[in-house]
1. Checking the condition open to solvent by less than 10 Å² (accessible area, probe 1.4 Å), out of contact with any Phe, Trp or Tyr (no Cβ under 7 Å at 6 or more places or on another chain) and not basic (Lys, Arg), which residue from Gly260, Gly235, Gly182 passes?
2. Take the conditions open to solvent by less than 10 Å² (accessible area, probe 1.4 Å) and part of a helix (DSSP H, G or I) and apply them to Val240. Does it pass?
3. For Phe239, state whether it is in contact with a Leu (Cβ under 7 Å, 6 or more places away or on another chain) and among the aromatic types (Phe, Trp, Tyr).
4. Would you mind finding the one in Leu112, Leu95, Leu84 that is closer than 21 Å to Thr262 by Cα and either of a type in the set (Lys, Arg) or more than 14 Å from the chain's Cα centre (by Cα) (or both)?
5. Name the residue, out of Arg230, Arg246, Arg211, that is under 24 Å from Pro6 (Cα atoms) and either under 16 Å from the mean Cα position of the chain (by Cα) or within 16 Å of ligand 2 (Cβ to nearest atom) (or both).
6. Would you call Asp303 within 22 Å of the chain's Cα centre (by Cα), among the charged types (D, E, K, R) and open to solvent by less than 80 Å² (accessible area, probe 1.4 Å)?
7. Examine segment 42-59 for a residue that is in contact with a Ser or Thr (Cβ under 6 Å, 6 or more places away or on another chain), modelled with pLDDT of 95 or more, open to solvent by 40 Å² or more (accessible area, probe 1.4 Å) and more than 21 Å from Gln312 (Cα to Cα), and state whether such a residue exists.
Amino acid sequence: MSHALPESLAWSLLETMLLMRRFEEAVVRLAQEGHFKGHYHLYIGEEATGAAAIATLGERDHLATTHRNHGHVIARGADPGRALAEILGRANGLLGGRGGTLHLSDPALGFLATSAIVGGCISLSVGGGYACKQRGDGSLTMALFGDGALEEGVAFEALNIAALWKLPVVFLCENNSVNAWGSAKGGFPTLNHAAKDLCSIPQSVGIPAVRVDGADAAAVHDAVSEAAARCRTGGGPGFVEAITERWPGSNPLWPDPVTGVTDLRMATTDMALPQEHHNWFRHHDPVLRLARLLAAGGKDSADRIHAIDAQQQRRMAKAIDFALAGAMPAAEAALDHVFA
Ligand SMILES: Cc1ncc(C[n+]2csc(CCOP(=O)(O)OP(=O)(O)O)c2C)c(N)n1
Ligand SMILES: [Mg+2]
């Protein structure tokens, strides 16, 4: 694998990842201010995986995702205002305010129904892959799921059928359990699996599987491109395990923005990194990591990074206004879309 991104791709991934990051920073703030209720999950720490993987997809491809979906929907190009409005349960949201954070998706962009049933998206993606194969147009379906999803029985069945029928499905496992507290320490639930090597699960049914550093956009892009190319030429499914360090704010049951609002000067200048969460800032924050690589280009590159960020922050400010201006769904619409 080359492990280097073409420069224009690196810049466009940074742009996507910054929008994802600023989006999540807005979500946690709006939650804390009481603009929506209920549990939610942030994608902070996993941006390089979703951005790089989704960048390999074409218009006709499908995606199926999970409870930790915000970044996926943004990376696929959904309108951040309508996505935020959906999380706030507003009628101007992507799904009319009926899906909320857990089912956030944009059907017009090829998202099959997003499932917060852990493992649900894996089986949906097999149906999507079957449809792609029937169409015979070289399209594929990508399943984006957490490591915990591999515990579910349906995951093994789905891998087996995809392998038997040589379906064009890219199974992207986002393993965010490195340094996760897990339920034992009072944190968010994480993986309990007898298999210590998660790649051995797809490999047992003959699906090629590779493990990459999920905070390295180039490594993810290489691995997913290879799996996708095999899918598109009839070679059957592929599996990529992208490993990321758990963002400290996603350790407690309720997200807590412990690392603050991302300050890109940590990548573009030699400013001292905060003592607390030093390792996160230095080694694991995928946005800072890509920004550091690009900032190595010198002052013009650093200026460009800040300009892109300012642009994404302006986009998010408009998105927040749009979402907060949205009305709640009308009471008389409560039974719309109810089939039984
Ligand atoms: C079928 C099912 N069982 C249990 C849950 C409760 N639950 C929600 S998230 C979660 C952990 C999921 O871990 P993983 O798939 O790795 O996703 P992560 O949150 O780590 O991104 C569990 C057990 C659920 N939503 N669905
Ligand atoms: Mg997980």
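The values are calculated or read from the model by the stated rules, or taken from the named source; none is laboratory data. Remember, it's a predicted structure, so these values are computed and weren't measured experimentally. Ideal geometry is used to build each Cβ from the backbone, glycine not excepted, and the neighbour counts take in all protein chains shown. Ligands, DNA and RNA are excluded from the accessible area calculation, which covers all protein heavy atoms including side chains. Shrake-Rupley method; radii C 1.70, N 1.55, O 1.52, S 1.80 Å.
1. Checking each option against the conditions leaves just Gly182.
2. So Val240 fails the test.
3. The answer is no for Phe239.
4. Every option except Leu84 fails the conditions.
5. After applying the criteria, what remains is Arg211.
6. The answer is no for Asp303.
7. Checked against the condition, which is being in contact with a Ser or Thr (Cβ under 6 Å, 6 or more places away or on another chain), modelled with pLDDT of 95 or more, open to solvent by 40 Å² or more (accessible area, probe 1.4 Å) and more than 21 Å from Gln312 (Cα to Cα), segment 42-59 yields no hits at all.
Residues are listed down the side, and each one gets a yes or a no for (1) assigned to a helix (DSSP H, G or I); (2) out of contact with any Ser or Thr (no Cβ under 6 Å at 6 or more places or on another chain); (3) of a type in the set (Phe, Trp, Tyr):
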position	(1), (2), (3)
Val210	no, yes, no
His221	yes, yes, no
Val224	yes, no, no
Ala228	yes, no, no
Leu273	no, yes, no
Glu276	no, yes, no
Asp300	yes, yes, no
Ala310	yes, yes, no
